1. Quick one: go through region 82-124 and flag any residue whose amide nitrogen is under 11 Å from the point 7 Å out along the Cα-to-Cβ line of residue 39.
2. If we sort 91-97, 56-62, 42-48 on the protection proxy, mean other Cβ atoms within 10 Å, highest first, what's the order?
3. So for each of 77-86, 20-29 I average, over its residues, the number of other beta carbons within 10 Å; can you give me the resulting order with the highest mean first?
4. Which one is right for this structure if percent of Cα pairs over 22 Å apart is calculated from it: (1) 63; (2) 33; (3) 40?
5. Please give the FRET efficiency for residue 98 paired with residue 73, using the beta carbon to beta carbon distance and R0 = 30 Å, rounded to the nearest 0.05.
6. Quick check: residue separation of residue 109 and residue 20 times 0.36 nm, minus the Cα distance between them. What number comes out in nm?
7. Sequence gap at least 6, Cα distance under 8 Å: using those rules, report the relative contact order of the chain to the nearest whole percent.
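Bear in mind that the values in this text are calculations on the coordinates, not laboratory data. Predicted, not measured: the structure shown is a model, and the values here were computed from it. FYI the Cβ positions are ideal-geometry reconstructions off the backbone, even for glycines, and counts take in every protein chain you see.
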């Protein structure tokens, strides 16, 4: 008889961050480095059940005025992190933080996908460069553009 030993490798326990993400300003503080990018980039902030930061992931890097986003790519890192919630963040290289119709459509689609897999989409921030009194970011939740669960 052959008694082979199976080697199983389990992931190491990651020490949880104590950085709580409770406001759009705190999300902006984590992602303010994308304000000066010449291309749109879409990021996911993965959060645990207490809204503590688990990780930040670059999902897509797009063009000067667009970034292709799909639910599969958005939720993949969140699932791998064991996240309970996410915040979506992307930049507008033009510095105008006004969301496009496509931004709103994608956000609604991500909220629905999150409901199906039980990962809450808490907010979607659009980051620009602050100048002449224009804001550095826009929170779609605070603007009331989508119904976040």
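1. Output list for this probe position: empty.
2. 42-48, 91-97, 56-62
3. Ranking, from highest mean packing down: 77-86, 20-29.
4. Structure-derived value, by its label: (3).
5. About 0.80, to the nearest 0.05.
6. Numbers: separation 89, 0.36 × 89 = 32.04 nm, distance 2.58 nm.
Taking residue 109 through residue 20 to full extension adds about 29.5 nm, to one decimal.
7. 22
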